[in-house]
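The values are calculated or read from the model by the stated rules, or taken from the named source; none is laboratory data. What you see is a predicted model; the values in this text were computed from it and never measured. FYI the Cβ positions are ideal-geometry reconstructions off the backbone, even for glycines, and counts take in every protein chain you see.
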Amino acid sequence: MGIAEKIISGDIRSVARLIRDIDDNVLGAREVLKDLYPSTGKAYVVGITGAPGVGKSTLVDQMVTHLRGAGKTVGVLAVDPTSPFSGGAILGDRVRMQRHSMDEGVFIRSMATRGYFGGITQSTRSAIDVLDAMGKDCIIVETVGVGQDEIDIVQSAHTTIIVLVPGMGDDVQALKAGILEIGDIFVINKADREGADRTVNDIRLMIEMDEKRYKDGWKPPILTAQAVFDKGVKEILDEIDKHRKHLQSSAQIQPLRKYEKARNDLSEMIKDKIIHDVLDEIIQSGEFEKSLQLIVKGEIDPYTACDTIVSKKLKPGTK
Amino acid sequence: MNQKRKIRVLVAKPGLDGHDRGARIIARAYRDAGFEVVYSGLHQTPEEVVRAAIQEDVDMIGLSSLAGAHMYLFPRVIELLQENGADNIVVCGGGIFPEDDIFKLKKAGIKELFTPGTPLDEVVKWVEENVNPRGS
(Lines give C-alpha, C1' and ligand atoms only; values in the text may rest on other atoms or scores of the structure.)
Protein backbone atom coordinates (compact mmCIF):
# COMPACT_ATOMS: atom_id res chain seq x y z
CA MET A 1 0.00 0.00 0.00
CA GLY A 2 1.30 3.44 -0.89
CA ILE A 3 1.51 6.24 1.65
CA ALA A 4 -1.55 8.00 0.25
CA GLU A 5 -3.70 4.86 0.53
CA LYS A 6 -2.47 4.26 4.06
CA ILE A 7 -3.47 7.78 5.02
CA ILE A 8 -6.87 7.50 3.39
CA SER A 9 -7.42 4.26 5.32
CA GLY A 10 -6.66 6.20 8.51
CA ASP A 11 -3.18 4.92 9.39
CA ILE A 12 -2.06 7.23 12.19
CA ARG A 13 1.65 6.71 11.80
CA SER A 14 1.60 7.55 8.10
CA VAL A 15 -0.43 10.66 8.80
CA ALA A 16 1.96 11.78 11.54
CA ARG A 17 5.00 11.20 9.38
CA LEU A 18 3.61 12.99 6.36
CA ILE A 19 2.80 16.07 8.44
CA ARG A 20 6.39 16.02 9.64
CA ASP A 21 7.65 15.76 6.09
CA ILE A 22 5.49 18.71 5.08
CA ASP A 23 6.83 20.70 8.00
CA ASP A 24 10.40 19.79 7.12
CA ASN A 25 9.84 20.57 3.47
CA VAL A 26 10.74 17.12 2.23
CA LEU A 27 10.30 16.93 -1.50
CA GLY A 28 8.41 13.62 -1.57
CA ALA A 29 5.67 15.02 0.65
CA ARG A 30 4.39 17.13 -2.20
CA GLU A 31 3.79 14.06 -4.35
CA VAL A 32 1.76 12.42 -1.61
CA LEU A 33 -0.31 15.58 -1.20
CA LYS A 34 -1.09 15.48 -4.91
CA ASP A 35 -2.37 11.92 -4.50
CA LEU A 36 -4.41 12.87 -1.45
CA TYR A 37 -6.04 15.91 -2.94
CA PRO A 38 -8.98 14.09 -4.57
CA SER A 39 -9.89 12.71 -1.14
CA THR A 40 -10.08 16.12 0.49
CA GLY A 41 -12.91 18.62 0.81
CA LYS A 42 -15.16 16.60 3.07
CA ALA A 43 -14.12 17.84 6.50
CA TYR A 44 -15.54 20.90 8.17
CA VAL A 45 -12.73 23.20 9.27
CA VAL A 46 -13.09 25.44 12.31
CA GLY A 47 -10.44 27.98 13.24
CA ILE A 48 -10.00 29.18 16.82
CA THR A 49 -7.98 32.30 17.30
CA GLY A 50 -7.34 34.94 19.95
CA ALA A 51 -4.69 36.40 22.20
CA PRO A 52 -2.42 34.16 24.31
CA GLY A 53 -4.10 32.85 27.44
CA VAL A 54 -7.72 33.52 26.50
CA GLY A 55 -8.52 29.82 26.72
CA LYS A 56 -8.24 28.56 23.17
CA SER A 57 -6.82 25.15 24.06
CA THR A 58 -9.35 24.64 26.84
CA LEU A 59 -12.17 25.56 24.50
CA VAL A 60 -10.85 23.18 21.84
CA ASP A 61 -10.65 20.41 24.41
CA GLN A 62 -14.31 20.91 25.37
CA MET A 63 -15.41 21.17 21.76
CA VAL A 64 -13.71 17.87 21.01
CA THR A 65 -15.69 16.23 23.82
CA HIS A 66 -18.98 17.56 22.45
CA LEU A 67 -18.17 16.59 18.88
CA ARG A 68 -17.17 13.09 19.97
CA GLY A 69 -20.43 12.85 21.88
CA ALA A 70 -22.21 13.59 18.64
CA GLY A 71 -20.31 10.79 16.95
CA LYS A 72 -17.98 12.98 14.91
CA THR A 73 -14.31 12.22 14.44
CA VAL A 74 -12.01 15.14 15.08
CA GLY A 75 -8.57 16.34 14.03
CA VAL A 76 -6.83 19.07 15.97
CA LEU A 77 -3.91 21.17 14.77
CA ALA A 78 -2.53 23.29 17.58
CA VAL A 79 0.05 25.93 16.80
CA ASP A 80 2.58 27.35 19.24
CA PRO A 81 5.39 29.81 18.54
CA THR A 82 8.94 29.01 17.52
CA SER A 83 11.71 30.85 19.34
CA PRO A 84 13.22 33.45 17.04
CA PHE A 85 16.56 32.92 18.76
CA SER A 86 17.08 29.19 19.01
CA GLY A 87 14.56 27.93 16.45
CA GLY A 88 13.21 25.64 19.13
CA ALA A 89 9.69 25.56 20.48
CA ILE A 90 7.67 24.36 23.41
CA LEU A 91 4.42 22.91 22.18
CA GLY A 92 2.15 22.78 25.18
CA ASP A 93 -1.37 22.70 23.82
CA ARG A 94 -1.67 18.95 24.38
CA VAL A 95 -1.61 19.50 28.12
CA ARG A 96 -5.19 20.77 27.98
CA MET A 97 -6.32 18.00 25.65
CA GLN A 98 -4.76 15.04 27.43
CA ARG A 99 -8.01 13.25 28.09
CA HIS A 100 -8.55 12.66 24.37
CA SER A 101 -5.22 11.00 23.80
CA MET A 102 -6.61 7.47 24.06
CA ASP A 103 -9.58 8.19 21.82
CA GLU A 104 -9.15 6.57 18.40
CA GLY A 105 -11.47 9.13 16.88
CA VAL A 106 -9.23 12.07 17.76
CA PHE A 107 -5.92 13.03 16.18
CA ILE A 108 -4.03 15.87 17.83
CA ARG A 109 -0.93 17.42 16.35
CA SER A 110 1.17 20.25 17.75
CA MET A 111 2.92 22.48 15.26
CA ALA A 112 5.51 25.23 15.60
CA THR A 113 5.29 28.46 13.60
CA ARG A 114 8.91 28.21 12.42
CA GLY A 115 9.09 31.88 11.67
CA TYR A 116 5.82 32.10 9.79
CA PHE A 117 3.78 35.14 10.79
CA GLY A 118 0.19 34.49 9.87
CA GLY A 119 -0.85 32.91 13.17
CA ILE A 120 -0.65 29.41 11.72
CA THR A 121 2.26 27.60 10.08
CA GLN A 122 3.25 27.46 6.48
CA SER A 123 2.33 23.80 6.58
CA THR A 124 -1.10 24.16 8.19
CA ARG A 125 -2.99 24.31 4.93
CA SER A 126 -1.49 21.01 3.82
CA ALA A 127 -1.84 19.43 7.26
CA ILE A 128 -5.57 20.19 7.11
CA ASP A 129 -5.71 18.36 3.78
CA VAL A 130 -3.99 15.36 5.33
CA LEU A 131 -6.44 15.11 8.24
CA ASP A 132 -9.29 15.68 5.82
CA ALA A 133 -8.09 12.84 3.60
CA MET A 134 -7.69 10.53 6.60
CA GLY A 135 -11.42 10.96 7.13
CA LYS A 136 -11.79 13.30 10.08
CA ASP A 137 -15.28 14.87 10.09
CA CYS A 138 -14.24 18.06 11.79
CA ILE A 139 -10.84 19.71 11.91
CA ILE A 140 -10.14 22.33 14.54
CA VAL A 141 -7.16 24.60 13.99
CA GLU A 142 -5.99 26.46 17.05
CA THR A 143 -3.77 29.34 16.05
CA VAL A 144 -0.83 30.61 17.97
CA GLY A 145 -1.85 33.30 20.46
CA VAL A 146 -2.35 36.26 18.17
CA GLY A 147 -2.38 40.02 18.44
CA GLN A 148 -3.99 42.02 15.71
CA ASP A 149 -2.99 41.01 12.30
CA GLU A 150 -2.50 37.26 12.14
CA ILE A 151 -5.49 36.37 10.09
CA ASP A 152 -4.35 33.61 7.74
CA ILE A 153 -6.63 31.13 9.45
CA VAL A 154 -9.64 32.67 7.78
CA GLN A 155 -8.46 31.39 4.41
CA SER A 156 -8.38 27.80 5.61
CA ALA A 157 -11.37 27.64 7.95
CA HIS A 158 -15.04 27.45 7.08
CA THR A 159 -15.90 29.03 10.41
CA THR A 160 -13.51 31.28 12.31
CA ILE A 161 -14.04 31.84 16.01
CA ILE A 162 -12.42 34.76 17.82
CA VAL A 163 -11.96 34.16 21.53
CA LEU A 164 -11.70 37.18 23.78
CA VAL A 165 -11.67 37.72 27.52
CA PRO A 166 -13.14 40.56 29.58
CA GLY A 167 -10.99 43.44 30.63
CA MET A 168 -9.09 44.03 27.43
CA GLY A 169 -10.63 47.50 27.33
CA ASP A 170 -8.68 49.69 25.04
CA ASP A 171 -7.12 46.73 23.38
CA VAL A 172 -10.45 45.98 21.84
CA GLN A 173 -10.29 49.31 20.10
CA ALA A 174 -6.83 48.53 18.87
CA LEU A 175 -7.97 45.19 17.54
CA LYS A 176 -10.57 46.84 15.37
CA ALA A 177 -8.89 46.76 12.02
CA GLY A 178 -7.37 43.33 11.94
CA ILE A 179 -8.49 40.25 13.68
CA LEU A 180 -11.97 41.36 14.66
CA GLU A 181 -12.96 41.64 11.05
CA ILE A 182 -12.49 37.96 10.37
CA GLY A 183 -14.68 36.49 13.10
CA ASP A 184 -17.74 34.45 12.13
CA ILE A 185 -18.44 33.85 15.81
CA PHE A 186 -17.19 35.78 18.83
CA VAL A 187 -16.71 34.07 22.16
CA ILE A 188 -16.14 36.02 25.35
CA ASN A 189 -14.47 33.39 27.49
CA LYS A 190 -13.88 33.57 31.25
CA ALA A 191 -17.22 35.36 31.30
CA ASP A 192 -17.46 35.18 35.08
CA ARG A 193 -14.82 37.88 35.23
CA GLU A 194 -15.65 41.47 35.76
CA GLY A 195 -16.33 43.43 32.62
CA ALA A 196 -17.77 40.62 30.49
CA ASP A 197 -20.89 42.62 29.68
CA ARG A 198 -18.82 45.54 28.60
CA THR A 199 -16.71 43.40 26.31
CA VAL A 200 -19.85 41.95 24.77
CA ASN A 201 -21.14 45.48 24.20
CA ASP A 202 -17.87 46.66 22.67
CA ILE A 203 -17.91 43.82 20.19
CA ARG A 204 -21.58 44.29 19.48
CA LEU A 205 -21.04 47.95 18.71
CA MET A 206 -18.21 47.09 16.40
CA ILE A 207 -20.28 44.56 14.50
CA GLU A 208 -23.27 46.89 14.25
CA MET A 209 -21.06 49.60 12.78
CA ASP A 210 -19.65 47.32 10.16
CA GLU A 211 -22.64 46.61 8.01
CA LYS A 212 -20.91 45.59 4.83
CA ARG A 213 -19.35 42.71 6.70
CA TYR A 214 -22.62 40.84 6.89
CA LYS A 215 -24.18 41.68 3.59
CA ASP A 216 -24.11 37.97 2.79
CA GLY A 217 -26.64 37.44 5.56
CA TRP A 218 -24.41 36.26 8.39
CA LYS A 219 -24.09 38.56 11.35
CA PRO A 220 -21.50 37.23 13.78
CA PRO A 221 -23.10 36.14 17.05
CA ILE A 222 -21.43 37.02 20.34
CA LEU A 223 -21.46 34.27 22.95
CA THR A 224 -20.23 34.12 26.50
CA ALA A 225 -18.53 31.04 27.85
CA GLN A 226 -16.51 29.58 30.69
CA ALA A 227 -14.75 26.89 28.75
CA VAL A 228 -13.00 25.41 31.73
CA PHE A 229 -16.41 24.56 33.28
CA ASP A 230 -17.89 23.56 29.93
CA LYS A 231 -20.31 26.48 30.13
CA GLY A 232 -21.48 27.90 26.83
CA VAL A 233 -19.56 25.40 24.74
CA LYS A 234 -22.60 23.60 23.38
CA GLU A 235 -23.99 26.95 22.27
CA ILE A 236 -20.78 27.64 20.37
CA LEU A 237 -21.11 24.37 18.52
CA ASP A 238 -24.74 25.18 17.73
CA GLU A 239 -23.64 28.47 16.19
CA ILE A 240 -20.94 26.71 14.18
CA ASP A 241 -23.65 24.45 12.86
CA LYS A 242 -25.82 27.42 11.96
CA HIS A 243 -22.93 29.05 10.18
CA ARG A 244 -22.23 25.87 8.27
CA LYS A 245 -25.86 25.71 7.17
CA HIS A 246 -25.71 29.35 6.23
CA LEU A 247 -22.70 28.71 4.00
CA GLN A 248 -24.37 25.74 2.40
CA SER A 249 -27.73 27.41 1.90
CA SER A 250 -26.57 30.25 -0.23
CA ALA A 251 -25.99 29.47 -3.87
CA GLN A 252 -23.67 32.44 -4.15
CA ILE A 253 -21.48 32.09 -1.11
CA GLN A 254 -20.15 28.65 -1.75
CA PRO A 255 -18.67 29.05 -5.21
CA LEU A 256 -17.32 32.44 -4.21
CA ARG A 257 -15.62 31.07 -1.11
CA LYS A 258 -14.31 28.13 -3.06
CA TYR A 259 -12.87 30.47 -5.64
CA GLU A 260 -11.37 32.73 -3.00
CA LYS A 261 -9.84 29.79 -1.19
CA ALA A 262 -8.40 28.31 -4.38
CA ARG A 263 -7.04 31.69 -5.36
CA ASN A 264 -5.40 32.17 -2.01
CA ASP A 265 -4.05 28.63 -1.78
CA LEU A 266 -2.54 28.76 -5.22
CA SER A 267 -0.94 32.17 -4.84
CA GLU A 268 0.48 31.20 -1.45
CA MET A 269 1.85 27.99 -2.86
CA ILE A 270 3.49 29.77 -5.77
CA LYS A 271 4.94 32.30 -3.37
CA ASP A 272 6.34 29.58 -1.11
CA LYS A 273 7.84 27.72 -3.98
CA ILE A 274 9.42 30.76 -5.53
CA ILE A 275 10.83 31.86 -2.21
CA HIS A 276 12.27 28.45 -1.56
CA ASP A 277 13.64 27.72 -4.96
CA VAL A 278 14.72 31.13 -6.18
CA LEU A 279 15.81 32.67 -2.90
CA ASP A 280 17.90 29.65 -2.00
CA GLU A 281 19.64 29.83 -5.33
CA ILE A 282 20.27 33.56 -5.05
CA ILE A 283 21.60 33.34 -1.52
CA GLN A 284 23.92 30.55 -2.45
CA SER A 285 25.24 32.41 -5.49
CA GLY A 286 28.43 34.43 -5.20
CA GLU A 287 26.60 37.48 -6.40
CA PHE A 288 24.61 37.71 -3.17
CA GLU A 289 27.68 37.69 -0.98
CA LYS A 290 29.43 40.15 -3.30
CA SER A 291 26.53 42.58 -3.07
CA LEU A 292 26.51 42.27 0.70
CA GLN A 293 30.14 43.28 0.86
CA LEU A 294 29.51 46.26 -1.40
CA ILE A 295 26.58 47.39 0.72
CA VAL A 296 28.61 47.11 3.91
CA LYS A 297 31.41 49.14 2.34
CA GLY A 298 28.90 51.72 1.25
CA GLU A 299 29.73 51.32 -2.44
CA ILE A 300 26.22 50.40 -3.47
CA ASP A 301 22.77 50.88 -2.00
CA PRO A 302 20.63 47.82 -1.22
CA TYR A 303 17.85 48.93 -3.56
CA THR A 304 20.12 48.89 -6.58
CA ALA A 305 21.68 45.61 -5.47
CA CYS A 306 18.26 44.05 -5.10
CA ASP A 307 17.04 45.25 -8.49
CA THR A 308 20.18 43.98 -10.18
CA ILE A 309 20.04 40.54 -8.61
CA VAL A 310 16.32 40.06 -9.12
CA SER A 311 16.23 41.25 -12.71
CA LYS A 312 19.12 38.97 -13.57
CA LYS A 313 17.41 36.05 -11.93
CA LEU A 314 13.96 36.57 -13.33
CA LYS A 315 14.95 37.67 -16.82
CA PRO A 316 18.05 35.76 -17.74
CA GLY A 317 20.00 37.43 -20.51
CA THR A 318 19.07 40.96 -19.54
CA LYS A 319 21.23 42.97 -17.27
CA MET B 1 15.08 23.18 -1.06
CA ASN B 2 15.55 20.57 1.61
CA GLN B 3 15.98 22.35 4.87
CA LYS B 4 17.53 20.61 7.80
CA ARG B 5 15.08 18.50 9.75
CA LYS B 6 14.31 19.65 13.23
CA ILE B 7 14.64 17.32 16.16
CA ARG B 8 11.21 16.73 17.70
CA VAL B 9 11.02 15.55 21.26
CA LEU B 10 8.22 14.55 23.62
CA VAL B 11 8.79 15.34 27.27
CA ALA B 12 6.41 13.29 29.36
CA LYS B 13 5.73 12.48 32.96
CA PRO B 14 4.24 9.03 33.27
CA GLY B 15 2.55 7.85 36.43
CA LEU B 16 1.24 9.59 39.50
CA ASP B 17 4.26 11.78 40.00
CA GLY B 18 3.37 15.46 40.26
CA HIS B 19 6.83 16.98 40.28
CA ASP B 20 7.30 18.49 36.87
CA ARG B 21 9.77 21.22 37.59
CA GLY B 22 12.65 19.12 36.31
CA ALA B 23 10.74 18.12 33.20
CA ARG B 24 9.98 21.76 32.46
CA ILE B 25 13.57 22.82 32.87
CA ILE B 26 14.67 20.05 30.54
CA ALA B 27 11.98 21.08 28.04
CA ARG B 28 13.26 24.61 28.17
CA ALA B 29 16.86 23.51 27.63
CA TYR B 30 15.78 21.47 24.61
CA ARG B 31 13.91 24.46 23.25
CA ASP B 32 16.99 26.62 23.63
CA ALA B 33 18.95 23.99 21.74
CA GLY B 34 16.57 24.43 18.80
CA PHE B 35 14.41 21.33 19.27
CA GLU B 36 10.66 21.27 18.96
CA VAL B 37 9.46 20.04 22.32
CA VAL B 38 6.00 18.66 22.83
CA TYR B 39 5.11 18.79 26.49
CA SER B 40 2.16 16.62 27.39
CA GLY B 41 1.70 17.38 31.05
CA LEU B 42 1.35 15.33 34.20
CA HIS B 43 -0.11 11.94 35.06
CA GLN B 44 0.24 10.18 31.74
CA THR B 45 -0.12 6.45 31.28
CA PRO B 46 2.53 4.75 29.15
CA GLU B 47 -0.23 4.17 26.58
CA GLU B 48 -0.94 7.90 26.41
CA VAL B 49 2.73 8.74 26.13
CA VAL B 50 3.23 6.39 23.22
CA ARG B 51 0.13 7.56 21.40
CA ALA B 52 1.19 11.17 21.76
CA ALA B 53 4.67 10.30 20.54
CA ILE B 54 3.28 8.62 17.43
CA GLN B 55 0.79 11.37 16.62
CA GLU B 56 3.48 13.99 17.07
CA ASP B 57 6.07 11.95 15.13
CA VAL B 58 8.84 12.68 17.59
CA ASP B 59 12.40 11.36 17.37
CA MET B 60 12.79 10.94 21.09
CA ILE B 61 10.78 10.57 24.27
CA GLY B 62 12.21 12.00 27.46
CA LEU B 63 10.55 10.37 30.47
CA SER B 64 10.72 12.02 33.82
CA SER B 65 10.14 10.11 37.01
CA LEU B 66 10.85 11.02 40.59
CA ALA B 67 8.35 8.79 42.30
CA GLY B 68 9.93 5.38 42.06
CA ALA B 69 7.58 3.69 39.58
CA HIS B 70 10.11 3.77 36.74
CA MET B 71 10.69 0.02 36.75
CA TYR B 72 7.18 -0.54 35.48
CA LEU B 73 6.52 2.66 33.54
CA PHE B 74 9.71 2.97 31.50
CA PRO B 75 9.93 -0.60 30.12
CA ARG B 76 6.20 -0.44 29.36
CA VAL B 77 6.80 2.55 27.11
CA ILE B 78 9.47 0.59 25.23
CA GLU B 79 7.12 -2.38 24.91
CA LEU B 80 4.32 -0.27 23.51
CA LEU B 81 6.61 1.45 21.03
CA GLN B 82 7.64 -1.98 19.76
CA GLU B 83 4.04 -3.14 19.53
CA ASN B 84 3.22 -0.09 17.47
CA GLY B 85 6.20 -0.42 15.16
CA ALA B 86 7.62 2.81 16.49
CA ASP B 87 10.76 1.51 18.16
CA ASN B 88 12.85 3.88 16.05
CA ILE B 89 11.91 6.47 18.68
CA VAL B 90 14.75 6.84 21.17
CA VAL B 91 13.77 6.82 24.83
CA CYS B 92 15.76 8.36 27.64
CA GLY B 93 14.85 9.05 31.23
CA GLY B 94 15.57 11.55 33.92
CA GLY B 95 14.99 11.34 37.65
CA ILE B 96 16.07 9.46 40.70
CA PHE B 97 17.16 5.88 39.96
CA PRO B 98 19.19 3.41 42.02
CA GLU B 99 22.31 2.06 40.25
CA ASP B 100 20.78 -1.37 39.86
CA ASP B 101 17.71 -0.02 38.18
CA ILE B 102 19.78 1.99 35.70
CA PHE B 103 21.43 -1.20 34.55
CA LYS B 104 18.10 -3.00 34.21
CA LEU B 105 16.40 -0.11 32.46
CA LYS B 106 19.19 0.17 29.92
CA LYS B 107 18.83 -3.51 29.27
CA ALA B 108 15.13 -2.99 28.75
CA GLY B 109 15.87 -0.47 26.02
CA ILE B 110 16.07 2.91 27.69
CA LYS B 111 19.00 4.42 25.90
CA GLU B 112 20.25 6.71 28.66
CA LEU B 113 19.31 7.76 32.17
CA PHE B 114 20.13 11.07 33.72
CA THR B 115 20.26 11.54 37.45
CA PRO B 116 20.20 14.72 39.59
CA GLY B 117 23.20 16.96 39.12
CA THR B 118 23.64 16.31 35.41
CA PRO B 119 24.49 19.61 33.70
CA LEU B 120 21.90 20.73 31.16
CA ASP B 121 24.56 21.03 28.47
CA GLU B 122 25.28 17.36 28.84
CA VAL B 123 21.62 16.40 28.54
CA VAL B 124 21.30 18.45 25.36
CA LYS B 125 24.57 17.23 23.90
CA TRP B 126 23.50 13.65 24.41
CA VAL B 127 20.40 14.24 22.30
CA GLU B 128 22.41 15.91 19.56
CA GLU B 129 24.77 12.96 19.46
CA ASN B 130 22.26 10.14 19.82
CA VAL B 131 19.09 11.27 18.14
CA ASN B 132 18.85 11.70 14.41
CA PRO B 133 15.89 13.57 13.09
CA ARG B 134 14.10 11.10 10.89
CA GLY B 135 15.59 10.35 7.53
CA SER B 136 18.81 12.27 8.05
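How many residues does the range B:51-68 contain that are touching a strand residue (DSSP E or B) at 6+ places or on another chain (Cβ under 8 Å) and either within 11 Å of chain A (Cβ to nearest Cβ) or more than 21 Å from B:I25 (Cα to Cα) (or both)?
7
Can you report the number of residues in the range A:212-230 which are among the basic types (K, R) and touching a residue at least 12 places away in the same chain (Cβ under 8 Å)? Quick ask: steps written out before the conclusion?
At the first step, the residues of the range A:212-230 found to be among the basic types (K, R) are A:212-213, A:215, A:219.
With the extra rule that they be touching a residue at least 12 places away in the same chain (Cβ under 8 Å), the set shrinks to A:213, A:219.
Number satisfying all stated conditions: 2.
I'd like the residue in the range A:68-94 that is part of a helix (DSSP H, G or I) and surrounded by 22 or more Cβ atoms within 10 Å (Cβ to Cβ) and, out of all such residues, is farthest from the other protein chains (Cβ to nearest Cβ). Break it down stepwise before answering.
In the first step, residues of the range A:68-94 are kept if they are part of a helix (DSSP H, G or I); the result is A:68-69, A:93-94.
If we keep only those that are surrounded by 22 or more Cβ atoms within 10 Å (Cβ to Cβ) too, we end up with A:93-94.
Numbers: A:D93: 9, A:R94: 5 Å.
Among them, the one singled out is A:D93.
Looking at the range B:114-126, is at least one residue touching a Pro at 6+ places or on another chain (Cβ under 8 Å), outside any loop (DSSP other than H, G, I, E, B) and surrounded by 13 or more Cβ atoms within 10 Å (Cβ to Cβ)? Steps first, please.
Filtering the range B:114-126 for residues touching a Pro at 6+ places or on another chain (Cβ under 8 Å) gives none.
Checked the range B:114-126: no residue is touching a Pro at 6+ places or on another chain (Cβ under 8 Å), outside any loop (DSSP other than H, G, I, E, B) and surrounded by 13 or more Cβ atoms within 10 Å (Cβ to Cβ).
Is one or more of the residues making up the range A:86-97 in contact with a helix residue (DSSP H, G or I) (Cβ under 9 Å, 6 or more places away or on another chain), polar (S, T, N, Q) and within 21 Å of A:Q122 (Cα to Cα)?
yes
Would you confirm whether or not the range B:53-72 contains a residue that is among the aromatic types (F, W, Y) and crowded, with 21+ Cβ neighbours inside 10 Å? Outline the logic, then answer.
Within the range B:53-72, the first condition is being among the aromatic types (F, W, Y), and the residues that meet it are B:72.
Filter once more, keeping what is crowded, with 21+ Cβ neighbours inside 10 Å: none.
For the range B:53-72, residues among the aromatic types (F, W, Y) and crowded, with 21+ Cβ neighbours inside 10 Å: absent.
Quick check on the range A:30-58: of everything there that is touching a residue at least 24 places away in the same chain (Cβ under 8 Å), assigned to a helix (DSSP H, G or I) and out of contact with any Lys or Arg (no Cβ under 8 Å at 6 or more places or on another chain), which residue is surrounded by the fewest Cβ atoms within 10 Å (Cβ to Cβ)? Full working, then the answer.
Here is the first cut: in the range A:30-58, the ones touching a residue at least 24 places away in the same chain (Cβ under 8 Å) are A:32-33, A:35-37, A:39-58.
From what is left, the residues that are assigned to a helix (DSSP H, G or I) are A:32-33, A:35-37, A:39, A:56-58.
Then keep just the ones that are out of contact with any Lys or Arg (no Cβ under 8 Å at 6 or more places or on another chain); that gives A:32-33, A:35-37, A:39, A:56.
Numbers: A:V32: 23, A:L33: 19, A:D35: 15, A:L36: 21, A:Y37: 13, A:S39: 17, A:K56: 28.
Here the answer is A:Y37.
Return the residues of the range A:8-27 that are in a helix (DSSP H, G or I), within 13 Å of chain B (Cβ to nearest Cβ) and modelled with pLDDT of 90 or more; say none if nothing qualifies. Spell out the reasoning first.
Of the residues in the range A:8-27, the ones in a helix (DSSP H, G or I) are A:8, A:12-23, A:27.
With the extra rule that they be within 13 Å of chain B (Cβ to nearest Cβ), the set shrinks to A:12-23, A:27.
Answer for the range A:8-27, where residues must be in a helix (DSSP H, G or I), within 13 Å of chain B (Cβ to nearest Cβ) and modelled with pLDDT of 90 or more: A:I12, A:R13, A:S14, A:V15, A:A16, A:R17, A:L18, A:I19, A:R20, A:D21, A:I22, A:D23.
Only one of A:I12, A:I48, A:I3, A:I8 is touching a strand residue (DSSP E or B) at 6+ places or on another chain (Cβ under 6 Å) and not basic (K, R). Can you tell me which? Full working, then the answer.
Details: A:I12 fails: touching a strand residue (DSSP E or B) at 6+ places or on another chain (Cβ under 6 Å); A:I3 fails: touching a strand residue (DSSP E or B) at 6+ places or on another chain (Cβ under 6 Å); A:I8 fails: touching a strand residue (DSSP E or B) at 6+ places or on another chain (Cβ under 6 Å).
Criteria check complete, one pass: A:I48.
Just the residues that are out of contact with any Lys or Arg (no Cβ under 8 Å at 6 or more places or on another chain), crowded, with 23+ Cβ neighbours inside 10 Å and at the interface with chain A (Cβ under 7 Å from one of its Cβ atoms), please, taken from the range B:1-50.
Once the filter is applied, which keeps residues that are out of contact with any Lys or Arg (no Cβ under 8 Å at 6 or more places or on another chain), crowded, with 23+ Cβ neighbours inside 10 Å and at the interface with chain A (Cβ under 7 Å from one of its Cβ atoms), the range B:1-50 yields B:A27, B:Y30, B:R31.
Which residues, taken from the range A:97-115, are modelled with pLDDT under 90 and either buried (at least 18 other Cβ atoms within 10 Å of the Cβ) or at the interface with chain B (Cβ under 8 Å from one of its Cβ atoms) (or both)?
A:Q98, A:S101, A:T113, A:R114
Report whether or not A:V60 is more than 8 Å from every other protein chain (Cβ to nearest Cβ), in contact with a helix residue (DSSP H, G or I) (Cβ under 6 Å, 6 or more places away or on another chain) and hydrophobic (A, V, I, L, M, F, W, C). Show your work before the answer.
Values: more than 8 Å from every other protein chain (Cβ to nearest Cβ): yes; in contact with a helix residue (DSSP H, G or I) (Cβ under 6 Å, 6 or more places away or on another chain): no; hydrophobic (A, V, I, L, M, F, W, C): yes.
For A:V60, the condition - more than 8 Å from every other protein chain (Cβ to nearest Cβ), in contact with a helix residue (DSSP H, G or I) (Cβ under 6 Å, 6 or more places away or on another chain) and hydrophobic (A, V, I, L, M, F, W, C) - is not met.
Quick check on the range A:270-284: of everything there that is in contact (Cβ under 8 Å) with a residue 12 or more places away in the chain and surrounded by 13 or more Cβ atoms within 10 Å (Cβ to Cβ), which residue is farthest from A:Y37 (Cα to Cα)? Lay out the reasoning, then the answer.
Quick first cut of the range A:270-284, residues in contact (Cβ under 8 Å) with a residue 12 or more places away in the chain only: A:272, A:276, A:278, A:281-282.
Now restrict to residues that are surrounded by 13 or more Cβ atoms within 10 Å (Cβ to Cβ): A:272, A:276, A:278, A:282.
On the way: A:D272: 19, A:H276: 22, A:V278: 26, A:I282: 32 Å.
Applying the filter and picking the extreme gives A:I282.
What helices (runs of 4 or more DSSP H) lie completely within the range A:121-192 and have 3 or more residues being at pLDDT below 90? Spell out how you get there, then give the answer.
Numbers: elements: A:124-133, A:153-156, A:170-175.
Answer list for the range A:121-192: A:153-156, A:170-175.
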